[in-house]
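Structure record follows, encoded as structure tokens.
Read-outs throughout are calculated quantities, based only on the coordinates presented, and are distinct from any laboratory measurement. Here the structure is a predicted model, which is why all the values come from computation and not from measurement. Every residue, glycine as well, gets a Cβ built from its backbone with ideal geometry; the counts of neighbours run over all protein chains shown.
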Amino acid sequence: MKPSFRQKFRYWFDNLMSRGTPAMIGMLFVLSLAVVFVAGAIISITGFVQEGQSERIPFGEAAWESLMRTLDSGTMGGDTGTGYRIVMLLVTLGGIFVVSALIGVLNNAIEGQMDRLRKGRSQVLETNHTLVLGWSAQIFTVLNELMVANENQSNARIVVLADKDKVEMEDEIRERVEFKGKTRIICRNGSPIDPNDIEITSPHDAKAIIILPPENEDPDTDVIKTTLAVTNNPARRAAPYHIITQIRHAKNMAVLKLVGEKDKVQAILTGELIARVVAQTSRQSGLSMVYTELMNFGGDEIYFKHEPALAGKTFGEALLAFEDSCVMGLRKTDGTILLSPPMDSRLEKDDQIFALSADDDTIRISPTSGLAQINNALIHSSRQPLKPKPEKCLILGWNRSGTTIVHELDNYVPKGSQVTVVADIYNIEKQIRAQGGKLKNQKLVVMEGETTDRDLLNKLGVEEYDHVIVLAYSTMEPQEADAKTLVTLLHLRDMAEKDETPFSIVSEMLDLRNRELAEATQVDDFIVSEHLVSLMMSQLSENGELFDVFTDVFDPEGAEIYLKPISDYVSLGEAVNFYTVVEAARRRGETALGYRLEKEASEAGKSYGVHTNPKKSEAVVFTSDDKVIVIAEN
């Protein structure tokens, strides 16, 4: 059966309306013009005029008067003349139904566009920006650090894409990020594992891409998916992407490298990193602050520098060549990183040093010789190291890093030592045995119990231990876990005050904001694990060359950072400049980075007494409790 004209018209109209707002606006606009022009033509042709008007109205003037009545129905109130009134009445009615509908559609379209902007779905047109994919508690540290890093830049941009409401993201960022300089943060809503959503952030023009893992049980899967969505995008750029992320399980590292084999993918193995920091810090108070100072943008940072004047010199001579910079190691022409190499290592023509300095242009050879400023009379000769005694370590609480911490401790303590683990977690001993086999130097004791129970802590005889590590439970929400940790720390503080042979206490916090509360417990060190990883990711996003340096710093093999008694190096109670301290360390084959003053250990504003890269000519009077920060073999 052949469709009727009515059916054809309705089918055409339905198709037109299905095209959405632009089609509706176009149709209503055409109808509005038709009403105006038809009315103008009728008045012009028929000669309808108002009373008292004898001349025929031209078409243009008639169309204008019609338009005025479509926009304002009150205009026709003063019209006269029967024919003229009838035409203008029809025009006004057309304006009420057609033009008003057009205005309504336009208003809805504008509101819809505003809603779309609020939802964060518009295309980002930035270039050379830092792109952050994902959302977690780490993002605030990352953004704060990038703000400091880009403070002196005029057009720095950070783009954040997360599966979260754009307005909520912006509100949280305003509350927890300190805006500095002219850096602008742009938020967009979308899934970090969806290539189409990632496209709105202009990933192909980004200088660095930071992928934050979600806060769930299997974050590695999402990290790999997101990396795959970037690197295997059909519209990807020819140049390699610089991607910084983190992986929880070592077994997933090979998969990530395969996904990003054409690109520069730098992944931090968080489990091992945090476990190593906790294990080392439990035996060296202040070490976590040293790591923080090395990796934040608030003070001095690590820079590479090619210095032709050092060619042919030894590494030991390079240590004393700079007044305002602290040399840490060498990068050979083949890219090999040597952290605190042997003092007699010769620098070749194309070798670079890497050093702690305020900026890359502050790494300048001092015009005066450092040797001339050394006070040899204050340097202590190398002492015969004492035979290490067995140690007792108590771990309260448990999380996924616990097994690695126990095995890391086993690498540092002498034979005959003991580690006791107390937590309300079942089957801890089996976890430890499964991950790394039998312990070589420690006896393992595992107990089930509530770590906030004072009676249990008294029965354990906490005062008999050399070191106490309080771990945050990863099975709880961060605030709940930190609250439990704080209660345990308060008990330990009370017990430590009554003990004549105080033990060291190291605690892990999940939320950086709880550190201020925890400081009331007077604990030796706080390790905010996510904060430390976030600092490293921020540094790598600005300078990917640092990846090999950080890998070497945290590698258990070879040289590591230690805090050693300053009294083993220089005389106490006398003014000593840092040139002399560097020379004292150099004679032992060690590289001095700074010192820690015990009198400032509780002052947050002074980095808890940690001074890295001090001005070498400035003199300091040390006490027996002060430490020198060195890179050494052990």
Mind checking which aspartates and glutamates have their C-alpha under 13 Å from LYS440, skipping anything on the same chain fewer than 8 residues away? GLU408, ASP410
Return a whole-number percent for the relative contact order of the range 576-617, with Cα pairs under 8 Å and 6 or more residues apart as the contact set. 40
Could you work out the Rg to Rh ratio of the range 160-218, with Rh taken as the Kirkwood radius (inverse of the mean 1/r over all Cα pairs)? 0.97
Among ILE45, ILE469, which comes first, then next, by fewest other beta-carbon atoms within 10 Å? ILE45, ILE469
Among LYS207/LYS606; LYS498/LYS606; LYS415/LYS627; LYS164/LYS251; LYS166/LYS264, which pairs are too far apart, with a Cα-Cα distance over 32 Å? LYS207/LYS606
Structure shown: which of LYS392/LYS599; LYS182/LYS305; LYS389/LYS443; LYS438/LYS484; LYS387/LYS599; LYS313/LYS349 lie over 19 Å apart, alpha-carbon to alpha-carbon? LYS392/LYS599; LYS182/LYS305; LYS438/LYS484; LYS387/LYS599
Using only Cα atoms, locate the centre of the range 222-273 and the centre of the range 125-179, then give the distance between them in Å, rounded to an integer. 21
Difference of contour (0.36 nm per residue) and Cα-Cα distance, ALA575 to LEU444: 42.6 nm
Once R0 is set to 41 Å, what does the formula 1/(1 + (r/R0)^6) return for the Cβ-Cβ distance between PHE5 and GLU55, expressed as a FRET efficiency to the nearest 0.05? 0.45
Quick check: residue separation of ASP555 and GLU151 times 0.36 nm, minus the Cα distance between them. What number comes out in nm? 142.3 nm
Per the 1/(1 + (r/R0)^6) rule, R0 = 35 Å and r from the Cβ atoms of ASP453 and THR623, FRET efficiency to 0.05 is 0.35
The range 232-328: GluC sites (Glu not before Pro) falling in loop per DSSP and having at most 15 other Cβ within 10 Å: GLU261
Beyond 25 Å, what percent of the Cα pairs of the range 130-262 remain? 24
By the scheme Lys and Arg +1, Asp and Glu -1, what is the net charge of all other residues having a beta-carbon under 15 Å from that of GLY370? 0
Which of SER369, SER285 comes first, and how do the rest follow, when ranked by fewest Cβ neighbours within 10 Å? SER369, SER285
Dipole of the chain, positive direction: furthest Cα of THR404, ALA358, SER66, with charges on the beta-carbon: SER66
Give the order of PHE37, PHE354 when sorted by the count of other beta carbons within 10 angstrom, beginning with the fewest. PHE37, PHE354
If I model a spin label as a point 7 Å beyond the Cα along the Cα-Cβ vector, how far apart are those points for LYS225 and LYS182 in nm? 4.0
Please give the calculated 222 nm ellipticity per residue for the chain, where each DSSP H segment of at least 4 residues contributes -39500 (n - 2.57) and the sum is spread over every residue; nearest 500 deg cm²/dmol? -12000 deg cm²/dmol
Which semi-axis lengths, in whole Å and largest first, follow from the square roots of five times the eigenvalues of the Cα gyration tensor of the chain? 69, 30, 23
Please identify the trypsin sites (Lys or Arg not before Pro) of the range 217-322 that satisfy two criteria: DSSP loop assignment and at most 16 other Cβ atoms within 10 Å. Which are they? ARG236, ARG237, LYS262, LYS313
Looking at the range 368-429, which chymotrypsin sites (Phe, Trp or Tyr not before Pro) are in a loop (DSSP not H, G, I, E or B) and have at most 15 other Cβ atoms within 10 Å? TYR426
Rounded to the nearest 10 degrees, the helix 219-231 long axis (Cα) sits at an angle to the longest Cα principal axis of the chain of 60
Can you check what the net charge comes to around GLU429, using other residues whose Cβ is under 13 Å from the Cβ of GLU429 (Lys, Arg +1; Asp, Glu -1)? +3
Where labels lie 7 Å past Cα in the beta-carbon direction, separation of SER366 and LYS599 in nm: 2.3
What are the ³J(HN,Hα) couplings of the range 478-484, residue after residue, when phi is run through the Karplus curve with 6.51, -1.76, 1.60 and θ = phi - 60°? Round to Hz, x for glycine and proline. x, 5, 5, 5, 5, 4, 5
What net charge is computed for the residues neighbouring GLN153, neighbours being all others with C-beta under 12 Å from the C-beta of GLN153, Lys and Arg scored +1, Asp and Glu -1? +3
Based on DSSP, what percent of beta bridges with both residues in the chain are antiparallel, to the nearest 5? 40
Can you tell me the 0 to 90 degree angle between the C-alpha axis of helix 529-542 and the longest principal axis of the chain, rounded to 10? 70
Sort out for me the Cα centre separation of the range 576-634 from the range 429-451, rounded to whole Å. 36
Report, in degrees rounded to the nearest 10, the 0 to 90 angle that the Cα long axis of helix 100-119 makes with the longest principal axis of the chain. 10
